[in-house]
1. Any residue that is touching a Leu at 6+ places or on another chain (Cβ under 6 Å), surrounded by 15 or more Cβ atoms within 10 Å (Cβ to Cβ), modelled with pLDDT of 95 or more and farther than 30 Å from A:R152 by Cα - is there at least one of those in the stretch A:474-481?
2. Does B:L86 meet the test of being closer than 30 Å to A:Q429 by Cα and more than 14 Å from every other protein chain (Cβ to nearest Cβ)?
3. On the given criteria, is A:G462 more than 14 Å from every other protein chain (Cβ to nearest Cβ), on the phi > 0 side of the Ramachandran plot and open to solvent by less than 10 Å² (accessible area, probe 1.4 Å)?
4. Conditions first: (1) open to solvent by 10 Å² or more (accessible area, probe 1.4 Å); (2) under 18 Å from B:S15 (Cβ atoms); (3) within 14 Å of another protein chain (Cβ to nearest Cβ). B:A79 passes all but one, so which condition is the exception?
5. With respect to A:I257, is the statement that it is surrounded by 24 or more Cβ atoms within 10 Å (Cβ to Cβ), outside the structural domain of A:A170 (by TED's automatic domain parsing) and under 30 Å from A:A201 (Cα atoms) true?
6. Looking for something at positive phi and small (G, A, S) - is there at least one such residue anywhere in the stretch A:275-296?
7. Quickly run through the stretch A:176-203 and pick out the residues that are over 16 Å from A:V232 (Cα atoms) and among the aliphatic types (A, V, I, L, M).
8. Inspect all residues belonging to the stretch A:449-459 and state whether any of them is surrounded by 24 or more Cβ atoms within 10 Å (Cβ to Cβ) and away from chain B (no Cβ under 14 Å).
Amino acid sequence: MKNAAGREIPGSIPGYKEFTPYAGPFVTHPTVRKAGPVLKAVYPGADKVVKTLDEAIEASGLKDGMTISFHHAFRNGDYVINQVVAAIARKGIKGLTIAPSSFLDTNDELIPYFEQGVLVAAQTSGLRNKLGQFLTTNKLTKPVVIRSHGGRVRAIESGELKIDVAFLAAPTCDIYGNINGVDGPAACGSMGYAMVDARLADTVVAITDNLVEGPICPVSIPQHQVDYVLKVDCVGDPKGISTGALRITSNPRDLVIAKYAAKVIEHAGYFKEGFGMQLGAGAASVAAGKYLRDTMLREKIAASFAIGGIVGPFCDLLDEGLIGTLFDVQSFDSRTIESIKNNPRHQEYDCTFYANPWNKGPMVNRLDYVVLGATEVDVNFNVNVMTDSNGIMMGALGGHPDASAGAKCTIICAPLMRGRLPMVTDAVQTISTPGETIDVIVTDRGVAVNPLRQDLMENLKGSGLPLFSIEELKKMAYELGGTPKPVPVSDEIMGVVEYRDGSVLDLIRRPM
Amino acid sequence: MSVQIKPSQAGTLESSDILIMLAPAEPGTGISIELVSPTIHQFGDQIKKVITDTLQANGIKDILVHANDKGAWDYAVEARVKTAILRAIS
């Protein structure tokens with residue numbers, strides 16, 4: 001049957017849970033009690049420190065068929081995920097499900113472990129590079145489950161994703177398991193994703209290269225959630241963990257998109273003292289912050305909060321008093337890591353607080369504006385950030401569907417063309433965020449407002465923005481580049497894209 | 001009367017360009033095109049059509065074409081093929 005996003009979804013999918021098709025952004029509700037980890041007691045005198053990774057794996061009780069998790073706050077500087085999986089493989093443990101908060105560029109090294117059957121299933125927010133290619137073209141026993149950041153917490157808290165052992169890279173950890181992300185050579189800032197796994201996994205192993213006697217302060221992950229502590233020589237490469245000071249793009253196309261996006265924010269109707277916003281980490285979104293700063297100064301309007309993954313330019317706005325509080329689930333650059341360490345108005349928070357649709361209100365619900373990127377969009381305002389133009393998994397849902405559902409006005413930035421490929425199409429390859437949660441699409445050649453939002457359309461008239469219907473933008477793109485033929489795909493289901501509520505939004509089929 | 005063709009090339013591997021390489025073929029063998037493109041599924045047929053049409057419009061009937069596309073639009077494909085033809089027959 002067709003789901004509410006218009007995608008054909010079969011009644012059952014081999015290797016996947018019993019499910020309901022996507023029915024709308026706020027239609028599928030929780031029906032169960034919150035799941036939790038097994039209760040344990042650690043008594044006085046216990047020693048949590050283990051000497052080797054082998055010892056840590058043995059102590060964790062990891063067995064064939066279990067589920068392991070990792071966090072991705074070390075980004076491309078992470079040494080932990082590959083090391084741990086290699087050690088698990090050496091011990092002969094097989095049949096594991098790997099469920100990190102996301103995969104990283106460096107995880108191509110995991111491919112042999114999928115081939116050998118050490119890893120047999122994957123659940124993630126994102127997939128990149130050769131691993132993405134591999135998992136789109138090589139069938140595992142179960143399809144890859146793709147979830148948003150909020151959707152992952154929902155899956156864990158509802159008992160759908162049970163994590164047996166979480167191996168958590170820790171920039172600083174004391175001998176009793178208290179962890180923070182702001183100290184140590186591999187400081188990554190917010191531990192927002194790891195906090196979820198620490199709270200909900202049955203067994204938690206902290207892996208650090210900065211082991212201290214402690215107790216440390218501040219504490220992001222408390223000792224009462226951590227079973228074992230392992231000291232290694234190096235948990236990550238600081239250069240890959242934080243990119244240094246993030247530079248604003250000089251690409252004129254990104255800049256014109258950014259300028260339009262800032263103008264949409266100014267005129268759409270929610271640009272009032274105390275508004276709340278999230279800007280994505282893409283080039284155009286970050287640059288939009290620069291133009292928005294000018295507007296905020298001119299109009300003397302400050303935001304009460306900003307959320308999301310945080311980048312340096314947001315910390316500047318915080319210091320200038322243009323943002324009241326930053327809520328930070330992931331700190332993208334060194335400037336941000338400094339800020340979360342030193343500025344009390346820069347608040348670390350976990351991923352349920354950020355984006356989980358099934359709690360008593362995540363921060364995304366309070367957004368007035370969110371500005372996000374897209375690989376492509378379609379005439380129904382659906383967004384794809386997950387597969388490339390050849391249908392290969394090479395992106396990440398991240399918080400995209402969460403923030404889009406929560407915000408009063410969701411703005412998507414994308415160039416009209418990439419090479420000769422139109423980025424506004426008849427139908428996106430993969431729906432990662434449904435069109436009914438998208439309000440405005442900003443391209444370098446024009447801006448389109450979702451017809452569901454006549455109020456925004458009214459507000460943006462007279463703003464000087466080049467307004468078109470989405471059909472007109474698509475026509476413009478097809479006239480410039482030509483009408484693309486659809487990518488042929490087989491019937492084999494390689495990935496399931498879940499909406500944040502766990503319903504099935506779309507399927508990723510193997511390209512032919 | 002057939003034109004004397006020698007191997008030639010035009011274009012680059014820069015983004016939004018296409019590298020066209022021409023090589024002589026036996027009379028009667030027709031136009032054969034080997035195309036590499038990141039958008040082969042979406043635009044492969046269209047790119048081949050532009051190459052074929054441009055060759056035919058310039059009186060070329062038998063030729064081997066190797067095209068390495070980097071997302072060129074039709075006018076760029078046509079311009080590169082024309083230049084390659086001029087170089088092949090000069």
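1. Among the residues of the stretch A:474-481, at least one is touching a Leu at 6+ places or on another chain (Cβ under 6 Å), surrounded by 15 or more Cβ atoms within 10 Å (Cβ to Cβ), modelled with pLDDT of 95 or more and farther than 30 Å from A:R152 by Cα, which makes the answer yes.
2. Answer is no for this residue.
3. Considered against the rule, which asks whether it is more than 14 Å from every other protein chain (Cβ to nearest Cβ), on the phi > 0 side of the Ramachandran plot and open to solvent by less than 10 Å² (accessible area, probe 1.4 Å), A:G462 comes out as no.
4. Every listed condition holds for B:A79 apart from (3).
5. No.
6. The answer is no; no qualifying residue exists.
7. A:V182, A:M191, A:A194, A:M195, A:V196, A:A198, A:L200, A:A201
8. yes
The values are calculated or read from the model by the stated rules, or taken from the named source; none is laboratory data. These numbers were taken from a predicted model, which means no experiment stands behind them. Ideal geometry is used to build each Cβ from the backbone, glycine not excepted, and the neighbour counts take in all protein chains shown. Heavy atoms of the whole protein, side chains included, go into the accessibility calculation; ligands, DNA and RNA do not. Shrake-Rupley method; radii C 1.70, N 1.55, O 1.52, S 1.80 Å.
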